[in-house]
Amino acid sequence: MSALARAAALVALLLFQAHASLAQSWPNRAVTMVVPFAAGGGTDVLGRIVARRLSETLGQQVIVENVGGAGGMMGSARVVKSPPDGYQFVLGSRADAINQTLYKTPLYSLVNDLDPVVLVADQPTVMVARKDLPVSGLQEFIAYAKANQDKMQFGSAGAGSTGFIDCALFNAAIGLNITHVPYRGGGPAMQDLMGGRIDYFCTLTGTAVPQIENGAIKAIAVMTRERAPMLPNVPSTWEQGFKDFEASTWFGFYVPKGTPAAVIKRLRAATVEAIDTPSVQEQLLKSGSIVTPPDRRSTEYLKTFTESEIGKNGAPIKAAGLSIE
């Protein structure tokens with residue numbers, strides 16, 4: 001063996017030993033969960049519920065840090081650039097898959113720059129309106145919007161957010177041209193909806209459930225085939241005669257590319273233990289989230305699922321001609 005080959009082998013061995021040592025000791029300090037949207041929205045609520053229990057299952061504090069902007073890209077891009085040691089991970093979502101097509105130049109590759117860990121939960125999309133909008137149900141909303149579209153506004157958690165895409169695709173499906181008002185997260189958008197400053201909003205059930213229940217906003221439809229279990233009194237779009245559209249958002253943990261496999265395995269196991277906790281499942285359901293079933297929790301499943309979601313979400317975006325510089 002040449003001296004160069006011996007040196008390369010030694011470097012590889014040292015790197016392997018360093019990764020093995022890191023995996024065995026991880027975590028030995030607090031870890032950070034980056035939530036790529038503003039505080040108060042559905043993604044943030046989900047992240048904080050899981051983080052509390054995850055702190056216990058990992059044995060170290062999980063700090064939630066909100067890094068909003070660019071429809072979730074800023075937070076994920078930050079994690080891409082962080083050291084691949086498991087001490088920063090992102091609560092990624094369907095928004096990350098959307099951004100790969102929606103933006104002409106995404107800040108990162110969801111497939112090549114992040115490693116998947118585990119799917120955590122799903123949240124149905126619900127269309128909500130200001131409480132004094134003079135409609136009841138989806139068909140009345142469509143008729144009203146067609147007659148008043150030149151003076152209406154819809155909000156979103158950001159130009160690349162799932163809510164923006166869902167509302168934009170819905171608007172395109174029924175021929176609406178309505179002004180979009182982007183926010184830095186679902187929380188700020190919800191505040192303006194409750195204040196009557198925008199007319200409607202396609203958002204996650206995690207953002208909308210409390211406000212619907214206390215009458216601060218009006219539910220128009222859950223954008224699924226069936227009613228959402230956390231909103232049993234809100235009819236689905238399918239029930240209301242609109243059967244060409246359904247939308248929900250998935251959430252999962254991702255780490256920087258190159259994170260040791262043993263660290264990913266440990267984070268996945270601790271997450272599964274956390275979301276299998278009955279009190280966590282109860283809190284999540286009450287706040288608008290449905291825990292991912294066991295057959296969709298493997299790291300390999302999330303890897304394949306991520307790739308398929310980029311194509312699945314990219315097709316209607318391209319067909320509708322939606323694009324952001």
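The values are calculated or read from the model by the stated rules, or taken from the named source; none is laboratory data. Quick caveat: nothing in here was measured; it's all calculated off a predicted structure. When we count neighbours, we look across all protein chains shown, and the Cβ atoms used for this are built from the backbone with ideal geometry, even at glycine.
Descriptive notes on the structure:
- Some residue of region 244-259 being touching a strand residue (DSSP E or B) at 6+ places or on another chain (Cβ under 9 Å), surrounded by fewer than 24 Cβ atoms within 10 Å (Cβ to Cβ), outside any strand (DSSP E or B) and at pLDDT 95 or above: yes
- Among (1) touching a helix residue (DSSP H, G or I) at 6+ places or on another chain (Cβ under 9 Å); (2) without any contact (Cβ under 8 Å) to a residue 40 or more places away in the chain, the one test that Met74 misses: (1)
- Qualifying residue in region 230-250 (condition: touching a Pro at 6+ places or on another chain (Cβ under 9 Å) and over 30 Å from Ser136 (Cα atoms)): no
- Residues considered: Gly71, Gly40. Of these, the only one that is surrounded by 15 or more Cβ atoms within 10 Å (Cβ to Cβ) and either part of a helix (DSSP H, G or I) or at pLDDT 95 or above (or both) is Gly71.
- Checked against (1) in contact with a helix residue (DSSP H, G or I) (Cβ under 6 Å, 6 or more places away or on another chain); (2) closer than 25 Å to Thr101 by Cα; (3) at pLDDT 95 or above; (4) surrounded by fewer than 21 Cβ atoms within 10 Å (Cβ to Cβ), Leu176 meets all criteria but (3).
- Taking (1) part of a strand (DSSP E or B); (2) more than 21 Å from Leu231 (Cβ to Cβ) in turn, Val120 satisfies each apart from (2).
Yes/no matrix, rows are residues, columns are (1) at pLDDT 95 or above; (2) of a type outside the set (D, E, K, R):
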{"position": "Val45", "(1), (2)": "no, yes"}
{"position": "Ala77", "(1), (2)": "yes, yes"}
{"position": "Lys81", "(1), (2)": "yes, no"}
{"position": "Tyr108", "(1), (2)": "yes, yes"}
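- Residue tally, condition modelled with pLDDT under 95 and assigned to a helix (DSSP H, G or I), over region 285-307: 3
- The criterion of being hydroxyl-bearing (Ser, Thr, Tyr), more than 20 Å from Leu193 (Cβ to Cβ) and surrounded by fewer than 21 Cβ atoms within 10 Å (Cβ to Cβ) does not hold for Tyr144.
- Asn28 meets each of the listed conditions (1) over 18 Å from Pro116 (Cα atoms); (2) touching a strand residue (DSSP E or B) at 6+ places or on another chain (Cβ under 9 Å); (3) modelled with pLDDT of 95 or more apart from (2).
- Residues satisfying the stated conditions in region 260-283, i.e. more than 20 Å from the chain's Cα centre (by Cα), crowded, with 17+ Cβ neighbours inside 10 Å, not in a loop (DSSP other than H, G, I, E, B) and not aliphatic (A, V, I, L, M): Arg266
- Single unsatisfied condition, Gln153 versus (1) surrounded by fewer than 17 Cβ atoms within 10 Å (Cβ to Cβ); (2) touching a Ser or Thr at 6+ places or on another chain (Cβ under 6 Å); (3) within 30 Å of Glu300 (Cβ to Cβ): (3)
- In region 117-141, residue surrounded by the most Cβ atoms within 10 Å (Cβ to Cβ) [restricted to those that are touching a residue at least 24 places away in the same chain (Cβ under 8 Å) and of a type in the set (Asp, Glu)]: Asp122
- Pairs, first within 21 Å of Glu246 (Cα to Cα) in region 91-116, second acidic (Asp, Glu), C-beta under 8 Å, six or more apart: Arg94/Glu309; Ala97/Glu309
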